[in-house]
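The values are calculated or read from the model by the stated rules, or taken from the named source; none is laboratory data. Since this is a predicted model, take the numbers as computed values, not measurements. Cβ: placed from backbone, ideal geometry, glycine included. Neighbour counts: every protein chain shown.
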Amino acid sequence: MNKNHQIPTAIMIVFILALLLPGFSRAAEGPAKAKYVLKMAAIAPDGTSWADIGSKFKAYVEEKTQGQVKVLWYLGAVMGDEPDEIRKIKLGQLQGAGFTIMGLGMIDPAFKILEIPFLLQNNEEVDFVVNKMKPTFSRMLEAKGFTLAGFLDVGFAYIFTKEPITSLDQLSRFKMWSWAGEPVSEAFLKRAGFVNLIPTPLTETLTALQTGMVNSFFVTLYAGVGLQWHTQAKYISNFNFGYTPAAILMDKKFFDSLPPEFQKIIMDAWNQNLPELIRLTRIENDKAYKSMLARGIKVGNTPPEMIEEIQKRTLPLRTELAGKYYPDYLLAGIQGALNEFRINKGIK
């Protein structure tokens with residue numbers, strides 16, 4: 001299957017990598033006479049594309065404000081995981097952070113709609129729909145006390161197994177890893193036929209795979225390599241089932257307190273740098289995919305009719321989860337944007 005149709009997950013590439021890497025705080029000294037301090041956090045460690053883009057953002061803001069806004073980055077989860085970051089923003093200890101679907105879903109469960117199985121199928125659809133829905137998403141976040149800087153990718157993820165997926169009956173025999181706190185992916189897996197779910201902390205999953213407690217998992221490509229989970233798999237699936245977003249958010253009270261000219265500089269800095277981070281993330285996923293194949297992992301040959309049956313089984317989740325995690329109008333808006341995109345592309 002085309003790599004642009006890579007499988008989604010509910011994990012975040014860059015972010016998840018950092019959960020297993022040593023903590024790192026890069027809070028470089030800014031100008032001495034700063035009037036405002038913008039403290040940003042990310043689980044991603046130094047040395048990643050996230051850190052590089054964060055440095056460019058910092059340099060731009062401090063230069064354009066002539067040092068009146070000082071930017072401090074706290075990387076490598078030194079401020080804790082995403083729930084900790086949310087709490088510290090609300091307490092005024094941070095002014096912003098990068099979040100995966102985990103953090104976004106804690107701020108507003110409605111964002112879980114973006115990881116609905118088989119909804120967003122490729123990068124073009126993601127770009128069109130997210131851009132179309134950005135004003136709506138921005139209003140949702142403002143209501144929760146956050147200013148949206150922009151959306152990013154974690155990417156699409158594959159299902160990894162030690163044997164190819166060739167029948168629906170076979171799915172019940174897999175001991176499938178699941179990430180507690182991700183109800184949408186859990187609902188998908190169960191409805192698809194992976195009834196034997198093994199909730200395992202991220203930091204213990206590699207050991208669980210090595211010991212056989214878990215023998216299958218789903219993960220984004222770059223994360224799969226970084227976490228070394230791919231060393232415990234022989235096959236990677238040839239179909240996708242969900243997309244994983246990320247976003248940069250800032251505390252609305254802090255942002256609104258800035259002079260309008262500083263607000264514009266900060267947003268200009270994000271608008272200049274976030275597209276590059278999206279591009280780099282997608283390149284890193286592509287490289288990870290190629291490295292897996294070079295290592296000897298084989299692409300599974302799940303029959304098209306079986307993939308269609310999994311899609312049929314899980315399609316009702318879109319409406320079943322509406323009202324529980326996201327409102328009907330949001331689902332209608334996203335489906336409308338998707339229909340518009342597909343009509344424009346001549347896709348039936």
For region 187-206, state whether one or more residues are under 17 Å from the mean Cα position of the chain (by Cα) and of a type in the set (S, T, N, Q).
no
If you go through region 295-348, how many residues are over 30 Å from residue 106 (Cβ atoms) and surrounded by 14 or more Cβ atoms within 10 Å (Cβ to Cβ)?
8
Out of the residues in region 126-180 that are surrounded by fewer than 20 Cβ atoms within 10 Å (Cβ to Cβ) and of a type in the set (Asp, Glu), state the one that is farthest from residue 304 (Cα to Cα).
142
Tally time: how many residues in region 296-322 are part of a helix (DSSP H, G or I) and of a type outside the set (A, V, I, L, M)?
11
Condition (residue is touching a strand residue (DSSP E or B) at 6+ places or on another chain (Cβ under 6 Å) and either buried (at least 20 other Cβ atoms within 10 Å of the Cβ) or without any contact (Cβ under 8 Å) to a residue 40 or more places away in the chain (or both)) applied to region 261-269: is it met by at least one residue?
no
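Yes/no per residue for (1) among the aromatic types (Phe, Trp, Tyr); (2) modelled with pLDDT under 95; (3) in a helix (DSSP H, G or I):
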position	(1), (2), (3)
324	no, yes, no
330	no, no, yes
343	no, yes, yes
346	no, yes, no
Based on this model, can you work out whether residue 115 counts as under 26 Å from residue 317 (Cβ atoms) and in contact with a Gly (Cβ under 6 Å, 6 or more places away or on another chain)?
yes
Does any residue in region 189-203 that is at negative phi come within less than 6 Å, Cβ to Cβ, of a residue that is modelled with pLDDT under 85 and buried (at least 17 other Cβ atoms within 10 Å of the Cβ) six or more places away or on a different chain, and which pairs are these?
202/19
List, please: which pairs have Cβ atoms under 7 Å, are six or more places apart or on different chains, and start with a residue in region 122-144 that is without any contact (Cβ under 8 Å) to a residue 12 or more places away in the chain and end with one that is outside any helix (DSSP H, G or I) and buried (at least 16 other Cβ atoms within 10 Å of the Cβ)?
138/148
Can you list the helices (runs of 4 or more DSSP H) lying wholly within region 1-116 that have 2 or more residues being modelled with pLDDT of 85 or more?
49-64, 82-90, 101-107
Farther than 24 Å from residue 238 by Cβ and in a loop (DSSP other than H, G, I, E, B): does that describe residue 336?
no
Going through region 141-161 in order, the residues found to be assigned to a strand (DSSP E or B), at pLDDT 95 or above and within 22 Å of residue 128 (Cα to Cα) are 147, 148, 149, 150, 151
With the condition kept exactly as written, say whether any residue in region 204-224 is touching a residue at least 60 places away in the same chain (Cβ under 8 Å) and either surrounded by fewer than 24 Cβ atoms within 10 Å (Cβ to Cβ) or over 28 Å from residue 318 (Cα atoms) (or both).
no
Given the conditions (1) farther than 28 Å from residue 326 by Cβ; (2) in contact with a helix residue (DSSP H, G or I) (Cβ under 6 Å, 6 or more places away or on another chain), every one holds for residue 165 apart from (2)
Can you confirm whether residue 242 is at pLDDT below 95, under 24 Å from residue 129 (Cα atoms) and in contact with a Pro (Cβ under 8 Å, 6 or more places away or on another chain)?
yes
